[in-house]
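The values are calculated or read from the model by the stated rules, or taken from the named source; none is laboratory data. Every value quoted in this text rests on a predicted model; they were computed, and no experiment measured them. For neighbour counting, all protein chains shown are included, and Cβ atoms are generated from backbone atoms with ideal geometry for every residue, glycine included. The protein model used for the area step is the full one, side chains on, heavy atoms only, and it has no ligands, DNA or RNA in it. Shrake-Rupley method; radii C 1.70, N 1.55, O 1.52, S 1.80 Å.
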Amino acid sequence: MIKIFDTTLRDGEQSPGCSMSFDEKIEVAKQLEKLKVDVIEAGFAAASIGDFNSIREIANQVRNCTVASLARALPADIERAYEAVKGAANPRIHTFIATSDLHMKYKLKMSREAVIQHTQSMVKYAKQFCNDIEFSAEDASRSDPMFLYRVIEEAIKMGATTINIPDTVGYTTPDEFYELISNIRYYVKNADAVTLSVHCHNDLGLAVANSLAAVRAGATQVECTINGIGERAGNAALEEIVMAINTRSGHYNQMTHIDTKEIIKTSHLVSKVTGTRVQHNKAIVGENAFAHESGIHQHGMLANPMTYEIMTPESIGLTTNSLVLGKHSGKHALEDRIKSLGYQLTDAKLNEVFNGFKALADKKKTIYERDIEALIQAKSAFDETAYTLASFVINSGNIITSTCQIGLKREGQIYDSVAHGHGPVDAAFKAIEKIIGTSYELDDYTIQSVTEGEDAQGEAMVKIKVDSETYTGYGLSTDIIEASIKAYLSAINKIIQNSEVEESERKWA
Ligand code: KIV
Ligand code: ZN
């Protein structure tokens, strides 16, 4: 059995443009639990108060996965990591130190002997808090193998239960990594008594291939992220590793605990909360991954799906995207369909989705399952203190300056303003900024249709940068200007909410 260690919330989240709010991290962790990953690396507790709080909450809420926090090999980091995960059903401290000459000389400024001593003392230190200790040798793939074996052996002696071999800079190749893992198993005493993990980055596009080569060499845990998000070119993609092991079970002779039917939902959720769209031709979860356009392929598929399909769309939880309900469908019918899509909603959320569905049915002829999913995943207005859209009027054209008149509602009061801009979206954003009293730096803005058809819902995504933080907002509507306004407001509401949390943290600190 291969353990799946998901680091979407740590290595994924720490990469630029992928940050998530507290609530989003909890939502992702709960979905990872449904996906049945073995370990959730929930964050890096010593990095910030926000990270610490979200790890602690995930540790308290998730019951069926091990919850880990990353920690440098430093007493303060290890203590903080344990504080954050101690409420988990199965807590893990994941500590690391670099072992390549390059990292030891220029980053750590430590000798080989000092790194060995540090490994011994820090694994021992962590072990007094928690039995489940993972030790990572950062930049392992570029380390002197003989030295690496010594470090790993010491970590095992001191009680590490998982040893992780990262290809930190995505430098290794499948045959080379296969050899490294085989040699670790051969040369390191007790290597087979612990979980042997790999953690591959994708700088050369080899992260999944390297992880799978390691599995063939005897690795028993793979570290990966949903949609392959992560530092630089990302980490190994969970969905690709799992589906390769499943689809080619005869070759790998291995299994995972993953409920593959949850893959597409998890992919959509991570894409949504991070604001990183999945490329259309991405393996497994890309929009075209199961699309057969060419006539020859379609003909073969009709005769026998196995001609061109090595796995079924249903196996990753994709539905047929069929017409579901119409204007006259009632709440029970909608509830049934939502349940069959695998969602359990509270009464309040069901009401909200039902109202959205009715409004949509007035505007759109054909409602698909993906439309319903988009309504479910659309964020509720935060609370009374959030700004919501009350009204807008746009005047735009190719021979006039665009103007937007907008009304926003907050705490029962309506605020109006008018602004000009380069096009209707720019005018609308400027009108919003006039009301808020701040102008923002727009980092990214995209709009795409949820389904096909001229009356399809448009889903707008906006990223705003404030200091070094990125805030992502989404908006959904059959009118793309309205979708854009909603997306801008949802990102602004997150900024306001975050500054209120930071303010109260400052008061209590
Ligand atoms: O890439 C890496 O080396 C890491 C370690 C901290 C596990 O993320
Ligand atoms: Zn990494």
Full-extension gain between residue 498 and residue 398, please, as 0.36 nm times their residue separation minus the C-alpha to C-alpha distance.
32.1 nm
Quick one: angle between helix 75-85 and the longest Cα principal axis of the chain, in degrees between 0 and 90, rounded to 10, please.
50
Check: C-alpha center region 418-490 vs C-alpha center region 188-227, spacing in Å is 40
Mean separation of Cα contacts under 8 Å (6+ apart) over length of region 388-508, as relative contact order %:
16
What fraction of the Cα pairs in the chain, stated in percent, has a spacing above 41 angstrom?
27
Check which residues have an amide H placed less than 5 Å from residue 87's amide H, if you skip close sequence neighbours.
none
Only bridges whose two residues both fall in region 3-274 count here: according to DSSP, what percent of them are antiparallel, nearest 5?
5
Can you work out ³J(HN,Hα) from phi for every residue in region 434-447, in order, using Karplus 6.51 cos²θ - 1.76 cosθ + 1.60 and θ = phi - 60°, giving whole Hz and x for Gly and Pro?
4, 5, 5, x, 9, 10, 10, 8, 7, 8, 7, 8, 9, 9
Residues whose built amide H sits under 5 Å from the amide H of residue 459, excluding neighbours closer than 5 in sequence, are 448, 449, 450
For residue 206, distant residues with modelled amide H under 5 Å away:
none
If R0 is 30 Å, what FRET efficiency do you get for residue 112 and residue 204 from their C-beta distance, rounded to 0.05?
0.65
Region 100-108 - phi-based ³J(HN,Hα) in whole Hz, Karplus 6.51/-1.76/1.60, Gly and Pro as x:
7, 4, 4, 5, 5, 6, 8, 9, 7
Using alpha-carbon coordinates, inclination of helix 207-216 to the longest axis of the chain, degrees
40
If you add up the charges near residue 359, with Lys and Arg at +1 and Asp and Glu at -1, over every other residue whose beta carbon is less than 15 angstrom from its beta carbon, what do you get?
+1
Cross-link reach from residue 127 to aspartates and glutamates, straight Cα distance under 15 Å and at least 8 residues apart if same chain, gives 77, 79, 83, 154
Accessible-area composition of the chain, carbon plus sulfur, in percent [1.4 Å probe]:
51
What figure in square angstrom, to the nearest 10, would you give for the accessible area of residue 110 with a 1.4 Å probe?
50
Please report the base-10 log of the normalised intensity I(q)/I(0) for region 1-126, using a Debye sum with one equal scatterer per alpha carbon and no solvent, at each q in 0.16 (1/Å).
-0.77
GluC sites (Glu not before Pro) in region 367-461 lying in a DSSP loop, each with at most 14 other Cβ atoms within 10 Å of its Cβ, come to 384, 411, 452, 454
Rounded to the nearest 10 degrees, what's the angle between the helix 49-61 long axis and the longest principal axis of the chain, both from Cα atoms, 0 to 90?
90
Simple spin-label estimate for residue 447 and residue 146 in nanometres, 7 Å along Cα-Cβ
6.4
I'd like the Karplus ³J(HN,Hα) series for region 364-375: coefficients 6.51, -1.76, 1.60, θ = phi - 60°, whole numbers in Hz, and an x wherever there's a Gly or Pro.
10, 5, 10, 10, 9, 4, 5, 5, 5, 4, 4, 5
Which entries of 25/358; 363/494; 3/282 show an alpha-carbon separation above 26 angstrom in the structure shown?
25/358; 363/494
Gain on full stretching of the segment that runs from residue 129 to residue 255 - 0.36 nm per residue minus C-alpha separation:
42.2 nm
